[in-house]
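The structure under discussion appears below in the form of structure tokens.
The values are calculated or read from the model by the stated rules, or taken from the named source; none is laboratory data. Model, not experiment: these values are computed from the prediction. All Cβ positions, even for glycine, are placed from backbone atoms using ideal geometry, and neighbour counts span all protein chains on display.
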Amino acid sequence: MTHINILVVDDDPEIRDVLHIYLRNEGYHVLEAEDGVQALEILQQEKINLIILDVMMPNLDGIKACLRIREESDIPIIMLSAKEEPLDKITGLSTGADDYVTKPFNSLELIARVKAQLRRQQFSTSSHTSDPSEIVIDDLVINKNQHTITLQGKDISLTPIEFSILVLLATYRGQVFNIDNIYQKVWKDQTAFYSENTVMVHIRNIREKIEIKPREPQYIKTVWGVGYKIDK
């Protein structure tokens, strides 16, 4: 049986211990790091399936560590922080994190989010290897098999969540998806706790990367009071 390796990065040993116990009880193999520097070293040596990453840490904080990780990997990242202001959450997600959980957290809720991210990653991998087709929308080319995006011939880097949202909207062009629809279909979870801001921030991040004028989007359109769509 293949181990699912989860890296817990937090400078508080008590939080690492609690998460280690809960994750191990779910059958996951847990590795620990006390700061971003140590986390990057572990990532060079071990195959990690998911990272739980604290924001406030010495040496290399979670924001900077997330940016460094995203330069080389699209591994799912759940950011952990005592900061719960919307701007803090937006900052965390904008660095490439897939989810954001505030402290003090409910351990069962966090485990639910971990499972949702792992399910989404598994679905994304299996669907993209079985479907080699491309989706072409004007100058935007989405290759579901190779998990790549090009815009006017230039490579565009999206996080796994961003890619899944774009594929969803591009596959069902003309159909409007509200925030609940997007969350359920992309995160592959009907019941997990989430914030409306989470989906909205990911949409904003995609637009910043694929739209020439993000405030006047060519691809992802807002249907006010309903949701989002890509026109046929």
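Where in the stretch 120-232 are the strands (runs of 3 or more DSSP E), entirely inside, with at least 1 residues that are closer than 28 Å to I78 by Cβ and at pLDDT 90 or above?
Hits in the stretch 120-232: 140-143, 148-151, 154-156, 220-223, 227-230.
In the stretch 105-119, which residue that is in contact with an Asp or Glu (Cβ under 8 Å, 6 or more places away or on another chain) and of a type in the set (D, E, K, R) is modelled with the lowest pLDDT?
Selected residue: R119.
Every residue, every condition in (1) surrounded by fewer than 20 Cβ atoms within 10 Å (Cβ to Cβ); (2) polar (S, T, N, Q); (3) assigned by TED's automatic domain parsing to the domain that holds V199, yes or no:
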residue	(1), (2), (3)
L67	yes, no, no
S73	yes, yes, no
L80	no, no, no
T95	no, yes, no
D98	no, no, no
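(1) surrounded by fewer than 18 Cβ atoms within 10 Å (Cβ to Cβ); (2) of a type in the set (A, V, I, L, M, F, W, C); (3) touching a Cys at 6+ places or on another chain (Cβ under 8 Å): which one isn't true of L53, the others all being true?
(1)
Are any of the residues in the stretch 94-106 of a type in the set (F, W, Y) and either in a loop (DSSP other than H, G, I, E, B) or over 16 Å from T159 (Cα atoms) (or both)?
Checked against the condition, which is being of a type in the set (F, W, Y) and either in a loop (DSSP other than H, G, I, E, B) or over 16 Å from T159 (Cα atoms) (or both), the stretch 94-106 yields at least one hit.
Only one of (1) within 22 Å of R120 (Cα to Cα); (2) buried (at least 19 other Cβ atoms within 10 Å of the Cβ); (3) touching a residue at least 60 places away in the same chain (Cβ under 8 Å) fails for V8. Which number is that?
(3)
What's the total number of residues in the stretch 17-40 that are surrounded by 20 or more Cβ atoms within 10 Å (Cβ to Cβ) and either within 18 Å of F105 (Cα to Cα) or among the basic types (K, R) (or both)?
Total meeting the criteria: 2.
Does I42 qualify as being among the β-branched types (V, I, T) and out of contact with any helix residue (DSSP H, G or I) (no Cβ under 7 Å at 6 or more places or on another chain)?
yes
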